[in-house]
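The values are calculated or read from the model by the stated rules, or taken from the named source; none is laboratory data. Since the model is a prediction, treat every value here as computed from it, not as a measurement. A quick note on method: Cβ atoms are made from the backbone with ideal geometry, for glycine too, and the neighbour counts reach across all protein chains shown. For the accessible areas, the whole protein counts, side chains as well, though only heavy atoms, and no ligand, DNA or RNA atoms are used. Shrake-Rupley method; radii C 1.70, N 1.55, O 1.52, S 1.80 Å.
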Number of protein chains: 2
Amino acid sequence: MANEEIKTLGGSWAMVGGDGPSSYAQNSNYQREMADAAKGMIHGEIIEKLDFNDPHFNSSNTFRIADFGCSAGPNTFFSVKNIIEAVDHKYNTQLHNPPPLEFQVFFNDVVANDFNTLFNTLPSFQKYFAAGVPGSFYGRLFPKSTLHIAYSSQALHWLSKVPKEVVDSKSPAWNKGSILCSGTSKEVAKAYSAQFKNDIDTFLNARAQEIVGGGLMVIIIAGLPDGILMSETGAGMIYEFLGSCLIDMAKLGVVSKEKVDSFNLPLYYSSAKELEEIIRSNGHFCIERMDKLNPRMLVKKLNVEFAVSQFRAVFQGVLEEHFGRDQDALEKIFQHFAKKFADNYYSIFNGIRHQHIDFFILLKHNIN
Amino acid sequence: MANEEIKTLGGSWAMVGGDGPSSYAQNSNYQREMADAAKGMIHGEIIEKLDFNDPHFNSSNTFRIADFGCSAGPNTFFSVKNIIEAVDHKYNTQLHNPPPLEFQVFFNDVVANDFNTLFNTLPSFQKYFAAGVPGSFYGRLFPKSTLHIAYSSQALHWLSKVPKEVVDSKSPAWNKGSILCSGTSKEVAKAYSAQFKNDIDTFLNARAQEIVGGGLMVIIIAGLPDGILMSETGAGMIYEFLGSCLIDMAKLGVVSKEKVDSFNLPLYYSSAKELEEIIRSNGHFCIERMDKLNPRMLVKKLNVEFAVSQFRAVFQGVLEEHFGRDQDALEKIFQHFAKKFADNYYSIFNGIRHQHIDFFILLKHNIN
């Protein structure tokens with residue numbers, strides 16, 4: 001590294017900051033249900049798979065955990081606490097009277113993330129030394145072999161960028177009239193899939209450098225059931241709905257038509273098979289478990305206002321990045337979205353035949 | 001640690017955030033001159049005193065540096081770059097074809113510090129992995145034996161709190177009519193001195209846990225020449241000047257008289273002898289060097305507006321904490337301060353017979 005330089009990669013958008021009524025911190029109930037649903041699995045897997053007798057593992061009494069894509073809380077604190085309790089239990093049962101273990105926890109997200117809110121809402125008493133790490137996880141963020149457990153929830157289905165072909169009117173993969181990879185166009189799906197493969201590969205390569213041999217990685221990521229298209233799921237319908245709102249807004253002159261045409265969501269929901277193949281061909285990690293999580297919220301009919309505020313806390317940033325920080329325009333977009341959502345409430349919830357899946361994946365870093 | 005809990009200590013005030021015209025980031029020229037003046041000393045001392053053949057030292061290829069009290073930049077980036085260049089040079093000359101060294105840099109300040117601005121202004125390309133660590137340095141912030149070089153500039157003359165006796169009207173150490181330890185009252189000086197000793201001791205004990213044996217610590221701290229009182233220095237005069245402004249403001253009803261009476265600056269400038277004694281009696285570190293820094297700004301007559309904005313960037317936070325975040329009142333206080341400063345410009349700069357000293361101290365952690 002002496003002559004190399006590290007670039008602080010970093011998307012220019014993030015979840016809505018602060019801890020006010022429109023913040024992600026106050027509008028991440030779905031993500032919290034996910035963390036709840038995963039709690040038992042994480043605990044059990046750590047107890048079973050973490051091995052303190054592994055010589056690669058136990059070189060010091062510092063145990064380092066990183067959350068990749070932590071956002072501004074509070075879910076990250078819940079998950080970290082859960083991980084630490086399991087690690088501590090395993091450590092004290094596997095070893096005989098070991099010296100006390102010290103935990104260092106790194107909260108990572110893009111530079112645009114609201115770290116001030118994250119730090120201000122850190123639990124006043126915690127069993128770890130906390131640090132924030134700014135930068136994109138699609139690049140190196142830590143020195144070699146310094147992490148023991150990596151965690152990433154609801155983050156890796158966000159691509160590092162929108163594949164350029166899908167917004168290029170001269171490409172066969174031009175995604176005209178749509179803002180997402182609905183799955184109905186093979187060319188569009190191919191472009192999104194290639195970007196996803198490239199991103200996950202980059203992520204795994206970076207983490208393989210940073211995680212000790214025998215170290216674990218928990219990934220929670222949105223995906224699709226086998227053979228189901230994005231457009232056939234509830235999530236896909238809501239994204240398409242946002243797309244139709246943007247087209248309406250262009251007609252009303254709130255945003256420009258060109259801006260709408262060049263907008264696509266940097267999101268990709270893959271199948272279990274596709275994801276497994278990427279991880280296997282990458283080769284740095286063994287898949288110890290791949291499972292489904294079933295948060296209860298998906299099966300509930302949601303209150304419109306609640307659903308819209310949850311959606312906005314996640315999607316406002318990506319819209320701002322593309323359409324600019326014009327708060328007037330954003331307000332109009334989301335007001336229209338809320339109205340259309342309310343007007344079509346019945347058909348939306350009765351039209352859903354499929355749900356996307358949230359995958360729970362446990363990886364173990366191969367001993368180098 | 002398994003059953004212990006770490007408290008995120010943290011003052012509720014910090015330097016003025018953001019990177020706008022009134023921010024600390026834009027008003028820290030004095031501190032930058034200090035870093036400039038220290039640059040050569042730091043480089044030379046690291047080359048001479050850092051020993052990669054020390055067995056305590058070289059257990060991995062990760063080299064960890066922490067800046068305690070980094071504020072929101074940009075001086076911290078300058079100092080860190082300077083340290084890394086020296087370490088890298090020593091590493092590559094002392095060892096024969098060593099594996100590349102990876103640097104991890106921790107930027108520490110209180111929770112109220114503007115870490116968002118710090119992260120947003122990180123150099124885009126740097127030779128280190130960056131992390132922010134929120135919390136007071138008068139407590140543990142890192143796992144045991146994980147830091148190689150600690151750095152703290154212009155931070156340790158800020159006490160963890162105002163000694164309670166000095167604002168207690170029933171105490172012989174009551175500092176009536178003054179907001180600082182001017183040195184003229186022995187009882188007040190004793191209370192401040194005891195708090196300072198306690199804080200430095202706490203700081204050194206925490207760092208002794210965190211820094212590897214043979215690790216270095218650079219401290220830049222404001223102090224006094226032997227036998228000179230705070231009230232006899234330019235800095236002391238300016239602080240007393242702020243105190244007289246607060247009394248004027250109380251008379252005008254902008255702030256309450258009780259609030260002014262109960263306000264003291266949590267600042268203490270010690271003599272070299274006093275500081276040396278604290279470090280020696282603590283015993284965890286050897287004093288490798290103790291020297292004076294002489295930034296050029298102290299001998300220049302400053303433009304009033306410039307001087308006031310530099311002063312405000314540092315002191316606004318501590319006033320807000322005590323008097324509340326009433327922007328109207330703060331504006332009036334600093335306008336009055338600026339006016340009084342301009343009116344008394346000649347007498348201020350000609351009345352100064354002494355200057356405070358900025359000490360440069362290099363410590364080496366004793367091998368345990």
Exercise. ³J(HN,Hα) across region A:132-148 via Karplus (A = 6.51, B = -1.76, C = 1.60, θ = phi - 60°), whole Hz, x for Gly/Pro?
Worked result: x, 10, x, x, 6, 6, 8, x, 5, 10, 9, x, 4, 6, 10, 10, 9
For this session: Can you spot the aspartates and glutamates whose alpha carbon is less than 18 Å from A:Lys127's alpha carbon? Ignore those fewer than 8 places along the same chain.
Result: A:Asp67, A:Glu85, A:Asp88, A:Glu102, B:Glu4, B:Glu5, B:Glu210
Problem set entry | Length-normalised contact order of region A:29-365 in % [C-alpha pairs under 8 Å, at least 6 apart] | 21
Problem set entry | Label 7 Å beyond Cα on the Cβ vector: A:Asp36 copy-to-copy distances, nm | 5.8
For this session: In whole angstrom, note down how far apart the Cα centers of region A:106-132 and region B:234-285 are.
Result: 32
For this session: Would you mind getting me the FRET efficiency between B:Leu229 and B:Glu331? Use the beta-carbon distance for r and R0 = 25 Å, nearest 0.05.
Result: 0.20
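Going by a ≥ b ≥ c, the root eigenvalues of the Cα gyration tensor, does region B:151-198 fall in the rounded group (a/c under 1.5), the prolate group (a/b larger than b/c) or the oblate group? Kindly include the intermediate steps, with their values, before the conclusion.
Values: a/c = 2.28, a/b = 2.05, b/c = 1.11.
Since a/c reaches 1.5 and a/b is larger than b/c, the shape of region B:151-198 is classed as prolate.
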Exercise. Where nothing but the Cβ of Lys and Arg (+1) and of Asp and Glu (-1) is charged, how large is the charge dipole of region A:29-365 around its Cα centre, in debye to the nearest 20?
Worked result: 280
For this session: Quick one: which residues, 5+ away or cross-chain, put their amide H under 5 Å from the amide H of A:Leu229? H built at 1.01 Å from N.
Result: none
Problem set entry | Gyration tensor verdict on region B:38-85 (Cα atoms; rounded if a/c is under 1.5, prolate if a/b is larger than b/c, oblate otherwise) | oblate
For this session: Could you pull out every residue, at least 5 positions away or on a different chain, whose amide H is within less than 5 Å of the one on B:Ile357? Hs are placed 1.01 Å off N in the peptide plane, and Pro or chain starts have none.
Result: B:Gly223, B:Leu224
Exercise. Across 5 Å bins from the origin, how do the percents of Cα pairs in region A:180-281 run, short distances first?
Worked result: 2, 11, 18, 20, 15, 12, 9, 7, 4, 2, 1, 0
Problem set entry | Formal net charge of residues neighbouring A:Phe78 (Cβ-Cβ distance under 10 Å; K, R +1; D, E -1) | +2
Exercise. Counting only residues 5 or more places away or on other chains, whose amide H sits under 5 Å from the amide H of A:Gly213 once H atoms are built in the peptide plane?
Worked result: A:Asn368
Exercise. Tell me, what is the per residue accessible area of chain B in Å², probe radius 1.4 Å?
Worked result: 41
Exercise. In chain A, what percent of the accessible surface is made up of carbon and sulfur (1.4 Å probe, ligands and nucleic acids excluded)?
Worked result: 51
Exercise. Once phi is turned into θ = phi - 60°, what whole-Hz ³J(HN,Hα) does the Karplus curve with 6.51, -1.76 and 1.60 give for every residue of region B:86-98, x standing for Gly and Pro?
Worked result: 5, 4, 4, 5, 4, 4, 7, 9, 6, 9, 9, 6, x
Exercise. Cα axis of helix B:304-323 to longest principal axis of chain B: angle in degrees, 0 to 90, nearest 10?
Worked result: 90
Exercise. Can you give the accessible area of B:Phe78, probe radius 1.4 Å, in Å² rounded to 10?
Worked result: 40
Seminar exercise, completed: In region B:85-121, the residues losing 40 Å² or more of accessible area (1.4 Å probe, heavy atoms of protein chains only) relative to their chain alone are B:Glu102, B:Gln104, B:Val111, B:Asn116, B:Phe119
Exercise. Where nothing but the Cβ of Lys and Arg (+1) and of Asp and Glu (-1) is charged, how large is the charge dipole of the protein assembly as shown around its Cα centre, in debye to the nearest 20?
Worked result: 380
Problem set entry | Accessible surface buried upon A-B contact (total; probe 1.4 Å; Å², nearest 100) | 3800
For this session: Normalise the Debye intensity by I(0) for the protein assembly as shown, one equal point scatterer per Cα, no solvent, then take log10 at q = 0.07, 0.08 Å⁻¹ and round to two decimals.
Result: -0.56, -0.72
Seminar exercise, completed: Under the 7 Å Cα-to-Cβ spin-label approximation, B:Met41 and B:Ala250 lie apart by a distance in nanometres of 3.8
Exercise. Could you give the angle, 0 to 90 degrees to the nearest 10, between helix B:234-251's Cα long axis and the longest principal axis of the Cα atoms of chain B?
Worked result: 40
Seminar exercise, completed: per DSSP, antiparallel bridges as share of beta bridges in region A:29-365, % nearest 5, sits at 40
Seminar exercise, completed: quick note, the protein assembly as shown, DSSP beta bridge pairs, % antiparallel (nearest 5) is 45
Seminar exercise, completed: For the pair B:Asn294 and A:Arg353, the simple spin-label estimate (label points 7 Å beyond Cα toward Cβ) gives in nm 8.5
Problem set entry | Table column - 3J(HN,Hα) (Hz), region A:63-74, Karplus curve with 6.51, -1.76, 1.60, x for Gly and Pro | 10, 10, 10, 10, 9, 8, x, 6, 6, 9, x, x
Problem set entry | Over chain A: helical MRE at 222 nm, DSSP H runs n ≥ 4 each giving -39500 (n - 2.57), nearest 500 | -13500 deg cm²/dmol
Exercise. Along Cα→Cβ at 7 Å, what distances in nm separate the B:Lys176 label point from those on the other copies, shortest first?
Worked result: 8.7
For this session: Go through region A:130-170 and flag every residue whose accessible area shrinks by 40 Å² or more with all protein chains in place compared to the isolated chain (probe 1.4 Å).
Result: A:Pro134, A:Pro143
For this session: Working from Cα positions, state the angle (0 to 90°, nearest 10) between the long axis of helix B:186-210 and the longest principal axis of chain B.
Result: 20
Problem set entry | Debye intensity ratio in log₁₀ form over the Cα atoms of region A:303-356, taken at each q of 0.21, 0.29 Å⁻¹ | -0.83, -1.14
Problem set entry | Distance between modelled label sites at A:Ser281 and A:Asn344, nm, 7 Å Cα→Cβ extension | 3.5
For this session: Answer with one residue from A:Gln31, A:Asn294, A:Gln126: the one whose Cα lies farthest towards the positive end of the charge dipole of chain A, charges on Cβ with Lys, Arg +1 and Asp, Glu -1.
Result: A:Asn294
For this session: Taking each label point as 7 Å beyond Cα in the direction of the beta carbon, state the distances from A:Gly139 to the same residue in the other copies, shortest first, in nm.
Result: 3.3
Problem set entry | Calculated diffusion of chain A, Stokes-Einstein form, Kirkwood radius summed over Cα pairs, 25 °C and 0.890 mPa s, µm²/s | 114
